[in-house]
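The values are calculated or read from the model by the stated rules, or taken from the named source; none is laboratory data. Everything numeric in this text was worked out from a predicted model, so none of it was measured. Ideal geometry is used to build each Cβ from the backbone, glycine not excepted, and the neighbour counts take in all protein chains shown. Just so you know, the surface numbers come from the protein's heavy atoms only, side chains and all, with ligands and any DNA or RNA stripped out. Shrake-Rupley method; radii C 1.70, N 1.55, O 1.52, S 1.80 Å.
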Amino acid sequence: MATFPKDFLWGAATAAYQVEGAHDAEGKGPSIWDTFSHLPGTTYNGTNGDVAVDHYHRFREDVALMAELGLKSYRFSISWPRLLPEGRGTINEAGVTFYSALIDALLEHGIEPMITLYHWDLPQALQDQGGWESRQTIDAFEEYARLCYERYGDRVKLWSTFNETLCFIGFGYITGAHPPGIRDPARALQACHHVFIAHARAVAAFRQCAIAGKIGFVNVLQTHTPLDDTPANVAACQLADGIFTHWLYDPVLRGEYPIELLHLAQSSLGAPVFDPGDEALLRDNVCDFIGLNYYKRETVAANHGESRLQINTTGQKGSAHQAGNEFGFKDLFKFVRNPNGVYTDWDWEIYPQGLTEGIMQIKERYGDIPIYITENGLGAKDPIIDGEVVDDDRIDYLRQHIDAVADAIVQGADVRGYYPWSFIDLLSWLNGFQKQYGFVYVDHQRQLARQRKKSFFWYQQLIRHHGE
Ligand code: BG6
């Protein structure tokens, strides 16, 4: 019997800001990333998505490559300010038409679109009025979601509301490395709560509009393991699971926060504050499926030192784990090097088994929820030999992780699709263009010419043989 179900979706993923470019074309409004990336010192070597890989103008060429690759599905995000330059109100029809044409092109090639409504590029106009800390942004998100359902709901069946609260709230409101560049845990918790409520409202609207499809949420899946079995490190690891996983999954899959952590947060930080009706909204609007973005596991130890909130954005291996430099929160936990681990140049541990373990942990805690692996991939500086991009390390990485998905399916998990990150080399938010993930190389010295990598042909064969 084949491991992967007959209609399993072999996909690939991208996000609007990272590929589209055309940052101010045809009526698009600015997003917080347009503003932030233009501030000195915010991104790697000042890179930004003004042009990115110009997918906005080249999407037909890109979709033709997707078809050649044999993709069954393509996950992409919609740029909210391209549709609604002010975040709400006036509609930019040119933006609506762009995604409509993209969807049609995908469907013509038999590629199922999977839309992410929010992959971090909040309209700047909404940030100016408080961003995710304001409940008005919840209303605006519902308006935006309804516009998308109305214009694309006749053709698109797979939807997710948000991508990775852990990153855009964590970096945006705790470490300050992403816009809006705030460092305040209480404000982070309140902004995050508003995201959960915006998600619930968008799910309710989806069901009211009777869209013939499914709606979910995409989260980071990061597995944690204690450095050793000392009680302090085991407790630190449980706390990391609680904050990085349960806090972010429970509200969208169970319709409530993990109660002990909620009490702890409210008593120590005074957040999140609920409005009347919030509890019911969460309870009544849980997801149809969950999207999991898996890249790495973290080894956890108790942290008796100060908070350190830097990550490796240079690709200089080892810098994240130098003594005293480890990412961590004072008195809570820190992420340390696994002495037996295999790491990428960005100090991300390559641990395929963690994907099986993570999927099974989700199944154990949340039951038989349908799962899509919405991101998984290797960020690397790919070797070019005689003009060919020979990304053997990526092939190894993906092969091992696909085996890990197969193991989870054999163990009874309902995994319905796998979307490597990324379809094409794109802008990494903080790492510029040097951290490559794609099946397709983009030559920035030759007018962004596309070139198939070795992994392109490998994945093409894998899809042809349905992963076996
Ligand atoms: C995920 C994001 O966090 O990881 C992507 O959804 C991102 O947008 C990807 O690009 C890889 O992260 P990085 O930092 O290596 O680009």
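Key figures for this structure:
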quantity	calculated
Potential extension, Cys209-Val51 segment - 0.36 nm per residue separation minus Cα distance	53.4 nm
Aspartates and glutamates whose Cα lies under 16 Å from that of Lys334, excluding same-chain neighbours fewer than 8 positions away	Asp228, Asp229, Asp241, Glu298, Glu306, Glu326, Asp347, Glu349
Assigned charges on the beta-carbon of Lys, Arg, Asp, Glu; the chain dipole about Cα centre (debye)	260
Equivalent-ellipsoid semi-axes of region 327-393, from the Cα gyration tensor, Å, largest first	29, 21, 10
Burial ranking of peptide ranges 174-182, 204-212 (average Cβ count within 10 Å, highest at the top)	174-182, 204-212
Listed peptides 346-358, 84-96 by packing density, highest first (mean Cβ within 10 Å)	346-358, 84-96
Segments 71-83, 419-431, 249-261 sorted - mean Cβ within 10 Å per residue, highest first	71-83, 419-431, 249-261
Gain upon complete extension [Asp128, Gln460; 0.36 nm per residue less C-alpha separation]	115.0 nm
Potential lengthening between His38 and Glu256 on full extension [0.36 nm per residue; Cα-Cα distance subtracted]	74.7 nm
Spin-label pair Thr3/Arg399, simplified geometry with 7 Å Cα→Cβ offset, distance in nm	1.3
Average accessible area per residue (Å²) across region 54-158 - probe 1.4 Å, nucleic acids and ligands excluded	33
222 nm mean residue ellipticity, helices alone, for the chain (DSSP H n ≥ 4; -39,500 (n - 2.57); rounded to 500)	-11500 deg cm²/dmol
Carbon + sulfur, % of accessible area of the chain - ligands and nucleic acids excluded, 1.4 Å	51
Top positive-direction residue, dipole computed over the chain with Cβ charges, set Leu264, Gly181, Val410	Val410
Value of Rg/Rh across region 376-468 [Cα atoms, Kirkwood radius]	1.01
Dimensionless Rg ratio for the chain, taking C-alpha atoms and the 2.2 N^0.38 Å reference	0.92
Region 115-217 pair-distance distribution - Cα-Cα, 10 Å bins, rounded %	16, 48, 27, 9, 0
Principal axis box of region 248-351, alpha-carbon based, largest edge first, Å	48, 33, 23
